[in-house]
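Presented below is the structure to which this report refers.
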Amino acid sequence: MRAAGKVIITTAVTGSVHVPSQSPYLPLSAEQVAEAALEAVEAGSAVVHLHARQPDGRPTFEPEVFERIIGRITARTDAVINITTGGSPAMTMEQRLAAAVRLRPELASMNMGSMNFVYSGMADRVTDWKHDWERPHVLKSYSRPFINTFETIEHALRTLGESGTRFEYECYDIGHLYSLAHFAERGLAKPPLLIQGVFGVLGGIGADHANLDHMVRIADKLFGDDCSFSAFAAGRDQMRFATHSALLGGHVRVGLEDSLWIGRGRLAESNAQQVRKIRSLVEDADKQIATPADARTMLALRGVTDIDRSTVS
C-alpha cells in the first residue's frame with residue numbers, strides 16, 4: 001500500500017440505501033445533495049461520492065439529476081467528483097452507468113463483484129414511514145442481490161476508461177481484492193489503484209478491526225505500492241474504522257450514505273458534521289488533510305477540463 005502523505009477525505013453524500021423516514025437530515029433533492037456536498041468540501045473533504053435521488057428520496061439514475069448536482073458543485077469548488085456506478089440493485093447496468101458515461105467524471109466507483117447486500121433489518125427500526133416506496137425498497141434487499149459480473153465490470157472499465165475516468169474499487173470482501181488483481185493483470189485496472197475497503201454490510205466482510213488489518217495485508221501482497229487504501233464501515237463503526245484506516249497509512253470515507261449517526265443515539269445533522277469529526281481525529285493523529293489538488297496528484301486523476309465543464313453547463 002502506498003502510504004498516504006496526506007489523508008484524502010471522501011464524503012458519500014446520500015447513497016441509495018437509507019430512506020427519508022430514518023433521518024430528516026438525509027439530502028434528497030438535487031439542490032440538497034449539491035449543498036451538502038459543498039458543505040462537506042468546505043469542512044475538508046477532497047472527494048465527493050455522488051448518488052442521485054428524486055425529490056421524495058427514491059434513488060434515480062437519470063443523468064439530468066446528476067448534472068444539476070454536479071453543476072452546482074463545480075461552479076463553486078474544485079472538489080474531485082466521484083459518480084457511483086453502483087446505483088441500486090433495482091437498476092440495470094446501463095442505467096447505473098448512464099450518468100458517468102454522459103458526465104465523464106474524474107472518478108467513478110466500481111463494486112468488485114456480485115453480492116448479497118442486505119439492509120432489510122432497517123425496517124424493524126422504522127415506525128413511521130413517510131413514503132409508500134420506502135419499506136418495499138428496504139425489504140427487497142433480503143431477496144435481491146447486487147449483481148456485478150466480470151462481464152459488466154469489464155464493460156464499465158472499458159467504457160468509462162476511454163474518457164479518462166479512473167476508479168474507486170469498492171471491495172466488500174477479500175475475494176474482491178483478488179477480482180481486482182485479475183483485472184489489473186489484464187491491464188484493465190490501471191495503477192495507481194484506489195481501493196475502498198467496505199466493512200459492516202450484511203453479506204460482506206464484517207466490521208471487525210482484524211478484518212481491516214487483513215484486507216490491508218492482502219492488498220499489500222497483491223499490489224504493493226501500486227495501490228492506495230481507504231476504508232469505511234457502515235453504521236455505528238464509521239468513525240472507528242476511518243480512524244483505523246488513517247493510522248494504517250490510508251485514506252478515509254464518511255457521509256450519510258454510510259452512517260446516519262455522529263455518536264451513540266445522535267443523528268448527524270449534516271455530512272459536514274461527520275467530515276469535521278473525522279478531520280479532527282485525523283489531525284489529532286498528526287496527519288495532514290489532502291486538498292482536491294493533492295488528491296488528484298496522489299490518485300493520478302486527469303483534472304477538470306473545459307470539456308468536462310461543458311457537460312454540466
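What to note about this one:
- Residue in segment 75-82 that is buried (at least 16 other Cβ atoms within 10 Å of the Cβ) and out of contact with any Pro (no Cβ under 9 Å at 6 or more places or on another chain) present: no
- Matching residues in segment 11-35 - criterion: being under 30 Å from Ala285 (Cα atoms), outside any loop (DSSP other than H, G, I, E, B) and open to solvent by 10 Å² or more (accessible area, probe 1.4 Å): Glu35
- Being open to solvent by 20 Å² or more (accessible area, probe 1.4 Å) and out of contact with any Phe, Trp or Tyr (no Cβ under 6 Å at 6 or more places or on another chain) is a property that holds for Arg68.
- Filtered residues of segment 148-206 (kept if buried (at least 23 other Cβ atoms within 10 Å of the Cβ) and polar (S, T, N, Q)): Thr165, Gln196
- Failed criterion for Arg2 (all others in (1) in a helix (DSSP H, G or I); (2) of a type in the set (D, E, K, R); (3) farther than 25 Å from Gly265 by Cα hold): (1)
- Any hit, segment 47-56, residues being among the aliphatic types (A, V, I, L, M) and more than 21 Å from Gly197 (Cα to Cα): yes
- Segment 85-97, residues that are without any contact (Cβ under 8 Å) to a residue 40 or more places away in the chain and in a loop (DSSP other than H, G, I, E, B): Met91, Thr92
- Selection count where residues are under 17 Å from the mean Cα position of the chain (by Cα) and over 22 Å from Thr297 (Cα atoms), scope segment 181-201: 4
- Among residues of segment 203-238, those that are in contact with a Gly (Cβ under 7 Å, 6 or more places away or on another chain) and farther than 15 Å from Gly249 by Cβ, counted: 6
- Annotation note: of Ala189, Ala210, Ala219, Ala233, the sole residue that is more than 25 Å from Ala156 (Cα to Cα) and in contact with a Phe, Trp or Tyr (Cβ under 6 Å, 6 or more places away or on another chain) is Ala233.
- Cβ separations smaller than 6 Å between residues 6+ apart or across chains give the following pairs from segment 22-35 residues that are touching a residue at least 24 places away in the same chain (Cβ under 8 Å) and more than 13 Å from Val126 (Cβ to Cβ) to residues that are open to solvent by 30 Å² or more (accessible area, probe 1.4 Å) and in a helix (DSSP H, G or I): Ala30/Arg68; Ala34/Arg72.
- Residues in segment 279-293 that are touching a residue at least 12 places away in the same chain (Cβ under 8 Å), of a type outside the set (A, V, I, L, M) and open to solvent by 40 Å² or more (accessible area, probe 1.4 Å): Arg279, Lys287, Gln288, Thr291.
- Within segment 267-278, considering residues that are open to solvent by 10 Å² or more (accessible area, probe 1.4 Å) and either among the aliphatic types (A, V, I, L, M) or assigned to a loop (DSSP other than H, G, I, E, B) (or both), the one nearest to Leu38 (Cα to Cα): Ser270
- Complete set of residues in segment 94-115 that are closer than 17 Å to Gly15 by Cα and either hydrophobic (A, V, I, L, M, F, W, C) or open to solvent by 20 Å² or more (accessible area, probe 1.4 Å) (or both): Gln95, Leu97, Ala98, Ala99, Ala100, Leu107, Ala108, Met110
Residues checked against (1) under 29 Å from His251 (Cβ atoms); (2) outside any loop (DSSP other than H, G, I, E, B); (3) of a type in the set (Lys, Arg):
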| position | (1), (2), (3) |
| --- | --- |
| Ala99 | yes, yes, no |
| Ala108 | yes, yes, no |
| Gly113 | yes, no, no |
| Met122 | yes, yes, no |
| Trp129 | no, no, no |
| Pro136 | no, yes, no |
| Glu151 | no, yes, no |
| Ala156 | yes, yes, no |
| Glu168 | yes, yes, no |
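- Whichever residue in segment 116-132 is surrounded by fewer than 16 Cβ atoms within 10 Å (Cβ to Cβ) and β-branched (Val, Ile, Thr) and, among such residues, is farthest from Arg68 (Cα to Cα): Thr127
- Members of segment 36-79 found to be aromatic (Phe, Trp, Tyr) and outside any loop (DSSP other than H, G, I, E, B), listed by number: Phe66
The values are calculated or read from the model by the stated rules, or taken from the named source; none is laboratory data. Not measured: the values here are computed from a predicted model. So basically every Cβ, Gly included, is an ideal-geometry build from the backbone, and we count neighbours across all protein chains shown. Just the protein is used for accessible areas: all its heavy atoms, side chains included, with ligands, DNA and RNA removed. Shrake-Rupley method; radii C 1.70, N 1.55, O 1.52, S 1.80 Å.
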